[in-house]
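The values are calculated or read from the model by the stated rules, or taken from the named source; none is laboratory data. Because the structure is a prediction, the values reported are computed rather than measured. Every residue, glycine among them, receives a Cβ derived from its backbone with ideal geometry; neighbour counts consider all protein chains shown. Calculation scope for accessible area: heavy atoms of the full protein, side chains included, ligands and nucleic acids excluded. Shrake-Rupley method; radii C 1.70, N 1.55, O 1.52, S 1.80 Å.
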Amino acid sequence: MYDLNKIFPWLSIRSKLIIAFTGLSIIPVALVGLHGIFSNVKMMKDIAYENLSHDVHIIRRNTSNFLSGVDADLRLIRNFSSFRRLELVLERSPFPVEHRSLQQLTDELLAFAESKNIYYQVRLLNGQGDELLRVESESSSDQRRVYRSAERSDLNQSRESYYSLLVENLRQDEIIFAAAELSDRNNNRVPVISFAMPINGAERRLGILIANVYAKDLFQAVEAGRHLDVKGKVVLVNNEGHYLYHSDKKKEWNKLLASREEDNLARDYPSEVTAAILSGKEGIFTDAGGEIISYGPLFYEQKALLNNEGVAGLSLPFFVFEALHEDVVLGPAWSFAWTFGGFLVLFLGTSVGLGLLATRQFTRPIADLQQGAEIIARGNYGHRLDVKTHDEIEKLGEQFNLMARSLEEHEREIQRHRQGLEVLVQQRTRELTEEKTKLKAILDNVPNAFVLLDEEYRIVTASATFAAVTGLQIQDVRGKDCADVFCKNGFCKKCVSRQAVSTGRIASHIDMVASDHGAERFIEHTAIPLHEDGHIKSILEIITDVTERKRFEQHLLQTERLMATGEMSALIAHEFRNSLTSVKMILQLQSESKRRNASEKKSLTVALNSIHHMEQIVAELLSFARPTPLQFQATNVTSVIHESLSFVEPHFMRQRIQLSKSLDSSLPLLLLDSQRFKETLVNILLNAVQAIETKPERQKQEVVSVTAKRTFLRETLRDFTFNHLLDGQRTNNREDGREIVLLKGSECAVVSISDSGPGISKGLRERIFDPFFTTKANGTGLGLPMVKQTVHAHGGIVNVKCSRGQGTTFSIFLPLSNGARR
């Protein structure tokens, strides 16, 4: 048994009762009516199938009889005595032009055609295909036809090959036929069925006997004797699907084959219907585009029934089918079905109306119970029902009221407990919120980024510093694998969290990454596995930007190295200067002595020049190791540049170097030590000249460019300097240095010096500011370190851009704002 509640769970009791009443009343009527409809439809289809099959059988029989009659006529002509005599003549000559038997046969064929009244033409061709005689109808009307014999001048002497090919494979007394269209004397098309019989002699083919039958006479035979009197269509087609006859489309016989390319079976019917009709089998199609089709081959066997020996003589098979539209067959049944459906709907409406009236007495008390239950479900336990039906529903209402009273008492008890729990929960929640706030404040304000991962290495949450350290937003990476987030974009070289889980201990490493501006950053990753019940359930990863620390360590190492270098340079320079002073005094005394000849004095002069050069080197060492304090005053930087260019101009002329300059005259006055800053520019300019001088392949026109302009920095510039370079006072403090920072967006004066020399390789570029590093045979390696020292003393930063073979550009950035640090 089916449970109606499971089948229709959304239906109300009233709806279910109405369905039951309606079903009991209408289902039997519907079943009987539907059975009658389907039985009627089946019976009508069976009758239509039988009648269609019978009609196709009649058509095939009539057609066979008609063709058998033509066969008999041809054999009769073949046995005419005049025809036999003409055969003997054709054995001797294929052109019996004046022979009496030819004229006798013509007269007999005229009488024969008039008696049959179905032939359009009767023709005789010789073995070469030339026409010997032709008897034809002068009109194609359905009344008594008048025949005539063609004059000798009208006979076709063009050796017709069509009929020769048609009978090529036939033997004596075999007959073949095919549909054709001929033209009459007025050039009107005449559809015919052409029958051909070869006339064979002892050694060769003597001729071909041709009988062209009016096609419409065959079609009248097809239409005769049909069983169905309703509107259907009868169609004859050849093996290519072209219509030979169509009862709907071929009412005018002269258009029989004119439109066969447009009107054919494949265009009007689906491919499966076309294939079945042309299969050569009998059958019925019950669903062919809304039609019922009975089909079969035109002949019962696919071989000639037109010879005496049963030898195949039919070259092209033909097929017949009769089609009847389904609406013609099933129209009465559908009319009855619609009438029955109307009465069924009326009966259904009446049943539903009566059911509504009957079920109202049951459903009203139940609706009251439902409404009361909904009120109590909303929390109104004081609601009571008042049901007076004096039956089981009234007892159900009383039990409902008892349940409501019990629920009301329990609700009061629950409210008391709820109030106590709410106070306790609020207290605990407040405590947890305070602790969480404290912890969050601690984590969010430390410079480290704290990231919590689950056991699958997926990011669960992170502290507020996460975005500042990593450049990522927590909402974009939450739930993703930490390796996919950090390792793939180069922020982490290896997953420290997986290392910590594999070892069970805290793991840490430092990675060097590139910032958004290409600067180096050092990121420290520390992973702490968090155990729970002896298993690692999560990992705390601490990410710290230690760039400042690493930079300070590097600067500290450089500070120690430079301080040691400076102390040693000062010591060596002091000792050398004392010794050089003694040697210089002795050489000067010897040079001034009158006892020395000219050659000796010349040698002493060379020695004094060497001493002078050594004193210059010692002076540079002392200036680098213990620089004198700078004397700042408001100076026009373009004037200093012009003075520097004037100093090195002879070197430019000697080396045939073109000077290009672009100086911004609107630059404000700067606090400069003009002498030291001029030495800095001269040093860089002389380096440019020397770089071009050592270029392996010089161009026709080498260029040194000098520019001075004001600009706003597109990125922050940093460098490290020592306090004693600013004030000339050295201390023994290891941290006697600090960082120079020019912030992004700050306004600066930029002095750039570019040359077209060979450039500096990357390996050498990192060392050009190291003291005593030089690539020149007679260089001291102190020029560029002193340039950097002087620029730092002015609170600026010097930058170098170069590549091998592309020249070098030195840029000096000097801050214009009052807040610039020196």
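Tabulated data for the structure shown
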quantity: So Ser538, is it small (Gly, Ala, Ser), open to solvent by less than 60 Å² (accessible area, probe 1.4 Å), at pLDDT 80 or above and under 15 Å from Thr470 (Cβ atoms); calculated: no
quantity: Boolean, Tyr163 is at pLDDT 80 or above and outside any helix (DSSP H, G or I); calculated: no
quantity: Unique match (being open to solvent by 30 Å² or more (accessible area, probe 1.4 Å) and either more than 24 Å from Asp217 (Cα to Cα) or touching a residue at least 24 places away in the same chain (Cβ under 8 Å) (or both)) among Ser101, Ser81; calculated: Ser81
quantity: Hits in the stretch 742-768 - residues which are within 15 Å of Val798 (Cα to Cα) and loosely packed, with under 14 Cβ neighbours inside 10 Å; calculated: Glu766, Arg767
quantity: Hey, Ser115 within 24 Å of Val222 (Cα to Cα), out of contact with any Phe, Trp or Tyr (no Cβ under 8 Å at 6 or more places or on another chain) and loosely packed, with under 13 Cβ neighbours inside 10 Å or not; calculated: yes
quantity: Test: residue in the stretch 124-147 that is more than 22 Å from Tyr214 (Cβ to Cβ), among the aliphatic types (A, V, I, L, M) and at pLDDT 85 or above; calculated: yes
quantity: Residue match in the stretch 416-434 (condition: surrounded by 10 or more Cβ atoms within 10 Å (Cβ to Cβ), within 51 Å of the chain's Cα centre (by Cα) and closer than 30 Å to Gln475 by Cα); calculated: yes
quantity: Subset of the stretch 482-502 (residues that are exposed (fewer than 15 other Cβ atoms within 10 Å of the Cβ) and over 15 Å from Leu540 (Cα atoms)); calculated: Asp484, Lys488, Asn489, Gly490, Lys494
quantity: Qualifying residue in the stretch 530-548 (condition: part of a helix (DSSP H, G or I) and closer than 23 Å to Thr716 by Cα); calculated: yes
quantity: Identity of the residue in the stretch 166-184, touching a helix residue (DSSP H, G or I) at 6+ places or on another chain (Cβ under 9 Å) and in a loop (DSSP other than H, G, I, E, B), that ends up surrounded by the most Cβ atoms within 10 Å (Cβ to Cβ); calculated: Ile175
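Residues checked against (1) part of a helix (DSSP H, G or I); (2) free of Cβ contacts under 8 Å to residues at least 60 places away in the same chain:
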{"residue": "Gln658", "(1), (2)": "no, yes"}
{"residue": "Pro668", "(1), (2)": "no, no"}
{"residue": "Arg676", "(1), (2)": "yes, no"}
{"residue": "Glu679", "(1), (2)": "yes, no"}
{"residue": "Val682", "(1), (2)": "yes, yes"}
{"residue": "Asn687", "(1), (2)": "yes, no"}
{"residue": "Pro696", "(1), (2)": "no, no"}
{"residue": "Val703", "(1), (2)": "no, yes"}
{"residue": "Ala708", "(1), (2)": "no, no"}
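Residue by residue, here is whether (1) assigned to a helix (DSSP H, G or I); (2) among the acidic types (Asp, Glu) holds:
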position	(1), (2)
Glu411	yes, yes
Gln419	yes, no
Leu439	yes, no
Pro447	no, no
Val451	no, no
Glu456	no, yes
Asp476	yes, yes
Cys492	no, no
